[in-house]
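Below is one structure, written out as structure tokens; comments come after it.
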Amino acid sequence: MEKKFNQRNDILEILFANRNKDYGAYELRVMYNRRMKYALSGMFVLCLLFTVGSILANAKDKTKTLAYVGPEIELSKVDEPPVEEVKPPEQKMEEPQTAQEVLTPPRIVEDKLVNDEEVMLAVEDYESVKIGLEKVEGTEDIGIVEPPVETSTGVTKSIKSEVDKMEEEFRSVQIAAEFPGGIKEWQRFLERNLNSEPPTENGAPVGVYTVVVTFIVDIDGKVSDVKAESDPGYGTKDEAIRVIRKGPNWKPANQNGRAVKYRHKQAITFKVSEQ
């Protein structure tokens, strides 16, 4: 081995005889073997690290998650607490009291027998007051007669009844609310937009996690009041609510030729299994 090494050095010495050995080419040839060892060692270490990292990653992630869209649950009436109508207190209108004077019949008596309250007034003083049995202080009588009280025609009540019917929810309808394109498009939309990873990312053990989400389809088709009736945890509830809120407007339910308001229920299942 040493003989070969010496022969190689001898060849380099002969090759670089009478030449500038500080130029760099001479050093490259002398240190070639050492540099090759460093390069191969570095490559081996990188490959080893990559292999070990892949093995550890696969060993850590032994589970996978699948998401299933359950069947539609029948639409039902929205149970909302009744709103108590607060009636304002009735205010009684106080009618102004009209002045009243006692009409004293004329009698001829002596002056000393005349009572101040029985003194007969001038005719002009009776024009702006009412005639009664006793004297009452009040406003002048201008002769205006109050109009008769009008009876209600029921128009306001009828309008209110129609508005209440628009906000009413039914348990059964002639035409149910529908996602654009029908049930298959609804399931396709959920499966395409649903992220199945939250359970695995949040450390859920192997199992099945079902979320039942309810939401209202308004008379204009908008989806509102989205909430989960069940929450198995591990981020499944938030993901189910998110994907339903992302959807477009529905075709509202119809009853007797008019749109009605309904609450819809949808089951979404996340299944975590071992790989």
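The values are calculated or read from the model by the stated rules, or taken from the named source; none is laboratory data. What you see is a predicted model, and the numbers here were worked out from it, not measured in a lab. Quick reminder, even Gly has a Cβ in these numbers, built from the backbone with ideal geometry, and neighbours come from all protein chains shown.
Which of the residues belonging to the range 188-211 are crowded, with 17+ Cβ neighbours inside 10 Å and not in a helix (DSSP H, G or I)?
If the condition is that a residue be crowded, with 17+ Cβ neighbours inside 10 Å and not in a helix (DSSP H, G or I), then Leu194, Ser196, Ala204, Tyr209, Val211 are the ones that fit.
On the basis of being under 18 Å from the mean Cα position of the chain (by Cα) and small (Gly, Ala, Ser), does Ala240 make the cut?
Yes: the conditions hold for Ala240.
Take the residues in the range 247-275 that are outside any strand (DSSP E or B) and at pLDDT 90 or above; name whichever of them is surrounded by the fewest Cβ atoms within 10 Å (Cβ to Cβ). Reasoning before the result, please.
Of all residues in the range 247-275, those outside any strand (DSSP E or B) come to 247-250, 252, 256-257, 275.
Okay, now just the ones that are also at pLDDT 90 or above, so 247-250, 252.
Working: Gly247: 16, Pro248: 11, Asn249: 13, Trp250: 20, Pro252: 22.
So, considering only residues that are outside any strand (DSSP E or B) and at pLDDT 90 or above, the one surrounded by the fewest Cβ atoms within 10 Å (Cβ to Cβ) is Pro248.
For the range 161-187, how many residues meet the condition of being farther than 19 Å from Gly257 by Cα, outside any loop (DSSP other than H, G, I, E, B) and either modelled with pLDDT under 65 or in contact with a strand residue (DSSP E or B) (Cβ under 9 Å, 6 or more places away or on another chain) (or both)?
3
If we scan the range 229-246, do we find a residue that is buried (at least 20 other Cβ atoms within 10 Å of the Cβ) and under 18 Å from Val173 (Cβ atoms)?
There is no residue in the range 229-246 that is buried (at least 20 other Cβ atoms within 10 Å of the Cβ) and under 18 Å from Val173 (Cβ atoms).
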